[in-house]
Amino acid sequence: MTSTTIAELPWWDLAEVADRDAAIFGPTAWTLGYYWSVKAQNGTVMLAARTASAGDADSTSADRDVTASAGELVGWIVMSGAGAEADVMTIATTEAARGKGIGRALLQAGIGWAQDRGSEVIHLEVDERNAAALAMYASFGFEEWGRRPDYYPGAAAILMRLRIGD
């Protein structure tokens, strides 16, 4: 049996995330340096999802820094917030983790973080060709409000928002 834990991403795991990001996003991936610069910004949070077999790391341990790094990295989300607005800066799941609800759990955790900060709206952008992500965002109530032509190599970015403070 496997379980998934979502916890704040410690700085010592940034290289692992950057490596996975490069494998997923190729030329548009964030670099390790960019992850470091975002991690250092006020008003941001990085959450990682890790899976472990039952009996592995104790996810209820008081030492969250240890458990945050325990298990296999299967996804992450980076959120930023200022005032009444928040942004999903990036969200990803590894290929092996797709279709298992991990992206949904990460997005829910990010929305919860934004609500706790008092955000009223969450913004994101997504490659118009990413049907799975578009369907997930729509299922949460995100709505398209614009497009950025040629934002991604060969594709537009769809700009979406979710109002949470009404």
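The values are calculated or read from the model by the stated rules, or taken from the named source; none is laboratory data. No experiment lies behind these values; they were computed from the predicted model shown. Every residue, glycine as well, gets a Cβ built from its backbone with ideal geometry; the counts of neighbours run over all protein chains shown. Protein only, heavy atoms only, side chains kept; ligands, DNA and RNA dropped before computing areas. Shrake-Rupley method; radii C 1.70, N 1.55, O 1.52, S 1.80 Å.
Criterion first (surrounded by 14 or more Cβ atoms within 10 Å (Cβ to Cβ), within 23 Å of GLN41 (Cβ to Cβ) and modelled with pLDDT of 95 or more) does GLU144 satisfy it?
Answer is no for this residue.
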Original post:
Quick check, is THR67 open to solvent by 10 Å² or more (accessible area, probe 1.4 Å), at pLDDT 95 or above and of a type outside the set (D, E, K, R)?
Top reply: no
**OP:** Please name all residue pairs, on different chains or six or more residues apart, with Cβ atoms under 7 Å, provided the first residue is in segment 1-29 and is in contact (Cβ under 8 Å) with a residue 24 or more places away in the chain and open to solvent by less than 50 Å² (accessible area, probe 1.4 Å) and the second residue is in a strand (DSSP E or B) and charged (D, E, K, R).
**Re:** THR5/ARG50
**OP:** Could you identify the single residue in ALA18, ALA105, ALA57, ALA84 that is of a type in the set (Gly, Ala, Ser) and at pLDDT below 95?
**Re:** ALA57
Subject >> Unmet criterion (only one of (1) over 14 Å from the mean Cα position of the chain (by Cα); (2) more than 20 Å from ALA22 (Cα to Cα); (3) hydroxyl-bearing (Ser, Thr, Tyr)) for SER80 >> reply: (1)
Original post:
outside any strand (DSSP E or B), farther than 15 Å from VAL88 by Cβ and open to solvent by 80 Å² or more (accessible area, probe 1.4 Å), is that true of ARG129?
Top reply: yes
